[in-house]
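Below is one structure, written out as structure tokens, with a few remarks after it.
The values are calculated or read from the model by the stated rules, or taken from the named source; none is laboratory data. Every value quoted in this text rests on a predicted model; they were computed, and no experiment measured them. Positions of Cβ are generated from backbone atoms using ideal geometry, with glycine treated the same way; all protein chains shown enter the neighbour counts. Please note that ligands, DNA and RNA were not included when accessible areas were found on the heavy atoms of the full protein model with its side chains. Shrake-Rupley method; radii C 1.70, N 1.55, O 1.52, S 1.80 Å.
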Amino acid sequence: MAKRSTKSSPPWKDGDPITVATLEWCLDRLAYAMHRAPQGGEVYLPIFERLESELASLKPKEAMLERARVRAARFMQEHSIKK
């Protein structure tokens, strides 16, 4: 059996949380499926819309979490706190 390309393999494992990377990967694959489907894949538009909506709400949350991590790391360094 042929090995799947790592480029097309999903960037997550079962049970992992949904991330921006996960949603981006899904949108890319769905857009390709839509491109290849009859009538431009119009039937997939609700799924595409939902994924874009989820992505739009997740990006700010991930950015905020990253800012909190940076602050925590800086605080820990300034106060000689080890992980």
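Brief remarks follow.
- Sorting the segments 39-48, 65-74 by their residues' average number of neighbouring beta-carbon atoms within 10 angstrom, most packed first, yields 39-48, 65-74.
- Projecting the Cα atoms of ILE47, PRO11, MET34 onto the dipole axis of the chain, where Lys and Arg carry +1 and Asp and Glu carry -1 at the beta carbon, places PRO11 farthest toward the positive end.
- Against the chain, whose longest principal axis comes from its Cα atoms, helix 20-36 is set at around 10 degrees.
- Cα-based helix-to-principal-axis angle, 45-78 vs the chain, degrees rounded to 10: 20
- For the chain, dividing the convex hull volume of the Cα atoms by the residue count gives 144 Å³ per residue.
- The residues of the chain present an accessible area of 88 Å² per residue when probed at 1.4 Å with all protein chains retained.
- Note on the chain: with neighbouring protein chains present and a 1.4 Å probe, carbon and sulfur make up 58 percent of its accessible heavy-atom surface.
- Listed residues LYS61, LYS82, LYS13 arranged by accessible area, highest first, probe 1.4 Å: LYS82, LYS13, LYS61
- Using the Cβ of THR22 as centre and a radius below 13 Å, the other residues enclosed give a net charge of -3, where K and R count +1 and D and E count -1.
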